[in-house]
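Here is the structure we will look at.
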């Protein structure tokens with residue numbers, strides 16, 4: 001099977017299955033496009049589809065038979081397991097470099113090779129709920145296997161045995177690694193990918209240093225880290241339980257509370273110095289966090305002095 005050529009426009013793409021010697025089917029795609037709309041192909045038999053994805057940009061994934069359900073973000077370097085009759089849809093409204101490797105596992109194959117696997121029994125229970133997708137992040141070795149399989153697909157020889165060995169290694173890793181539900185039960189709440197953690201720490205450090213600067217904006221973070229607002233928001237919500245804008249707001253309001261307690265500057269001066277051009281917006285933000293206006297908080301501090 002030939003991988004689709006990169007395109008630079010809104011693209012509705014599909015991929016086609018290729019049989020492997022052991023009885024599985026696999027498919028692959030690599031694309032660079034302004035917008036992405038990729039639907040995994042349906043199959044005419046029962047089974048599961050394990051899809052490995054990697055990308056640069058912003059990506060949403062949802063169950064294809066429920067267009068009314070909003071897509072959920074999936075981090076780069078991830079495997080997603082779903083029921084074959086609920087094909088996944090991968091979408092992006094922004095420019096994206098996307099690659100995917102899908103593995104169809106027939107129910108008959110599962111009955112022979114996986115029924116005694118305790119991890120797989122847990123996975124089957126979770127997939128019994130209609131919208132569930134089971135996920136696992138790929139480590140560095142697995143990303144190398146993923147890349148090798150894609151390269152073999154692109155080659156003229158298409159070494160099926162080598163592709164099969166790589167995808168079976170990825171399947172084994174997925175079944176042995178911890179797993180969780182992305183859609184239906186809950187969204188991804190833990191970040192264990194080294195690159196994602198490094199990015200978050202870098203952004204946290206940048207915010208701590210510049211959040212009071214009059215030139216500081218979320219856009220400046222995006223430009224510095226070469227990432228999308230959507231991805232950064234997802235990571236901050238996963239780790240801190242809030243958006244990046246809420247995180248910055250909380251840092252500023254916490255700093256202003258310390259400044260009020262120092263009693264060296266007026267409320268309006270403090271608001272300006274922590275990055276608020278509107279005193280009313282600052283008061284609303286302070287009250288939302290501490291359930292009291294900064295003026296009343298200042299009076300409390302004065303009374304305690």
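Key figures
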{"read-out": "Odd one out for residue 82, checked against (1) over 19 Å from residue 153 (Cα atoms); (2) at pLDDT 90 or above; (3) assigned to a strand (DSSP E or B)", "value": "(2)"}
{"read-out": "Segments classed as helices (runs of 4 or more DSSP H), wholly inside segment 151-256, with at least 1 members that are modelled with pLDDT under 85 and in contact with a strand residue (DSSP E or B) (Cβ under 8 Å, 6 or more places away or on another chain)", "value": "160-176, 229-240"}
{"read-out": "Test result for residue 232, within 20 Å of residue 59 (Cα to Cα) and surrounded by 17 or more Cβ atoms within 10 Å (Cβ to Cβ)", "value": "yes"}
{"read-out": "Residue, surrounded by the most Cβ atoms within 10 Å (Cβ to Cβ), within segment 255-266, restricted to residues that are within 40 Å of the chain's Cα centre (by Cα) and touching a residue at least 12 places away in the same chain (Cβ under 8 Å)", "value": "256"}
{"read-out": "Residues (in a loop (DSSP other than H, G, I, E, B) and modelled with pLDDT under 80) located in segment 136-150", "value": "139"}
{"read-out": "Qualifying positions in segment 74-92 - within 16 Å of residue 234 (Cα to Cα) and touching a strand residue (DSSP E or B) at 6+ places or on another chain (Cβ under 6 Å)", "value": "74, 76, 77, 78, 91, 92"}
{"read-out": "Residue in segment 103-119 that is modelled with pLDDT of 80 or more, assigned by TED's automatic domain parsing to the domain that holds residue 57 and farther than 22 Å from residue 22 by Cα present", "value": "no"}
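The values are calculated or read from the model by the stated rules, or taken from the named source; none is laboratory data. Quantities reported herein were computed from a predicted structural model and do not represent experimental measurements. Every residue, glycine among them, receives a Cβ derived from its backbone with ideal geometry; neighbour counts consider all protein chains shown.
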